[in-house]
1. Taking the criterion of being of a type in the set (Phe, Trp, Tyr), touching a residue at least 40 places away in the same chain (Cβ under 8 Å) and either closer than 29 Å to Thr206 by Cβ or not in a loop (DSSP other than H, G, I, E, B) (or both), would at least one residue in segment 135-147 satisfy it?
2. Within segment 74-115, track down each residue that is in a loop (DSSP other than H, G, I, E, B), among the β-branched types (Val, Ile, Thr) and surrounded by 14 or more Cβ atoms within 10 Å (Cβ to Cβ).
3. Residue pairs, Cβ under 8 Å, 6 or more apart or interchain, first in segment 45-72 and not assigned by TED's automatic domain parsing to the domain that holds Ile307 and part of a helix (DSSP H, G or I), second acidic (Asp, Glu) and modelled with pLDDT under 80. List them.
4. Among the polar types (S, T, N, Q) and free of Cβ contacts under 8 Å to residues at least 40 places away in the same chain - does that describe any residue in segment 292-300?
5. Search segment 218-239 for residues being buried (at least 23 other Cβ atoms within 10 Å of the Cβ) and modelled with pLDDT of 90 or more, and hand back the single one that is nearest to the chain's Cα centre (by Cα).
6. Restricting attention to segment 285-334, which residues are more than 26 Å from Leu169 (Cα to Cα) and buried (at least 17 other Cβ atoms within 10 Å of the Cβ)?
7. Here is a list of conditions, (1) surrounded by 20 or more Cβ atoms within 10 Å (Cβ to Cβ); (2) touching a Gly at 6+ places or on another chain (Cβ under 9 Å); (3) within 23 Å of Pro124 (Cβ to Cβ), and Arg170 meets all of them except one; can you say which number that is?
Amino acid sequence: MTTVMYDSLVNILSQLGVYQMLTALMPEILIKIMLVFTIAGMVATVASLILAYLTWLERKVLSDIQQRVGPMRTGPHGLLQPIADGVKLLVKEDVHPKTIDKWVFLLAPIVMFVPVVIVLAVIPFGKTLVMADLSVGIIFLLAVSSLPTLGIVMASWAQNNKYAVLAGLRRAAEIISYEISMVLCAIGIVLLAGTLSLPGIVEAQTGLPFIVLQPLGFAIFFIGLLADLGRIPFDFQESESELVAGYTTEYSGMKFSFFFLAEYLELFVAASILTTLYLGGWNGPFLPSWLWFAIKTFVVIWVILWIRATLPRVRIDQLLNIGWKWLLPLALLNIVITAGVMAVM
């Protein structure tokens with residue numbers, strides 16, 4: 001995808017006559033570096049806008065389900081509300097409590113945010129829209145997508161706050177309980193596709209998405225994603241009535257905004273992963289491949305938001321029971337069934 005974007009940008013600049021001017025003024029290597037940074041800036045801007053408007057979408061979906069109008073004051077139908085919220089966070093005072101572990105406190109938002117961005121590099125958003133087609137893509141995806149939990153645990157410990165520490169412990173318990181089942185479901189996908197490459201997995205779903213062949217695996221993986229995201233009914237790391245603001249209790253300003261952006265980026269990435277592994281990715285008739293991927297991804301996001309507005313929070317013991325007593329045995333059963341079907345076929 002990076003090569004396609006680079007070539008497209010060079011063609012546009014050449015047609016405008018700008019590229020010829022640049023080649024006359026500076027060496028080729030400097031032009032390449034400048035264009036790469038320009039592409040990175042464009043991608044970052046688009047990603048930031050998508051994340052910002054995911055917050056608007058969530059508030060609108062929740063208000064519609066609850067028969068309210070949602071944000072309406074800032075811009076038409078509240079369309080400028082995410083920008084107003086972003087400006088407010090930027091000008092907020094950056095508070096550092098005296099009792100914190102300073103360096104861990106500062107690094108935690110970055111440790112949570114960066115792995116989620118890295119995961120985007122291996123997700124195929126279209127036939128040619130993938131930055132890195134790794135031969136072990138699904139292993140890389142599952143490994144790196146687990147790292148944001150480390151940032152949450154670091155933030156919880158660094159604050160020297162009992163509510164934050166409880167939030168970190170709950171998050172760790174959630175991940176340990178559900179990640180194993182998700183990995184086992186991914187093994188079923190690999191058995192069917194015959195490859196670890198994510199574009200290869202999408203191509204294996206041409207004509208028949210894996211949700212049809214793996215309905216049990218899809219259900220387990222989807223529940224695991226909800227727990228991984230820490231969203232209702234599994235939002236134990238942020239349950240306001242128990243833990244104030246959870247692992248972000250002592251954070252403010254830009255540091256809080258990093259956590260905020262990481263949460264919504266995780267939501268987008270989780271929906272993209274589910275689309276890639278079970279919903280056929282970019283496959284679909286008539287429309288461009290990237291548009292099919294976008295439609296499926298935002299349908300998954302809408303379902304996650306609908307669940308948040310509909311279901312109550314389960315108890316922490318119920319969470320662990322679901323993970324260990326139900327999902328793990330069912331995930332093992334899913335592998336056995338898949339292996340049996342593959343042997344017969």
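1. no
2. Selection gives Thr74, Ile100.
3. Here the result reads Ala52/Asp85; Thr55/Asp85, each pair linking segment 45-72 to a residue that is acidic (Asp, Glu) and modelled with pLDDT under 80.
4. Checking segment 292-300: at least one residue is among the polar types (S, T, N, Q) and free of Cβ contacts under 8 Å to residues at least 40 places away in the same chain.
5. Looking at the filtered set, the residue picked out is Phe221.
6. Correct list: Ser289, Trp292, Phe293, Ala294, Lys296, Thr297, Val300, Ile301, Asn334.
7. Against the list (1) surrounded by 20 or more Cβ atoms within 10 Å (Cβ to Cβ); (2) touching a Gly at 6+ places or on another chain (Cβ under 9 Å); (3) within 23 Å of Pro124 (Cβ to Cβ), Arg170 comes up short only on (3).
The values are calculated or read from the model by the stated rules, or taken from the named source; none is laboratory data. It should be emphasised that the depicted structure is a prediction, and the values quoted were computed from it without experimental measurement. All Cβ positions, glycine included, derive from the backbone under ideal geometry; neighbour counts span all protein chains shown.
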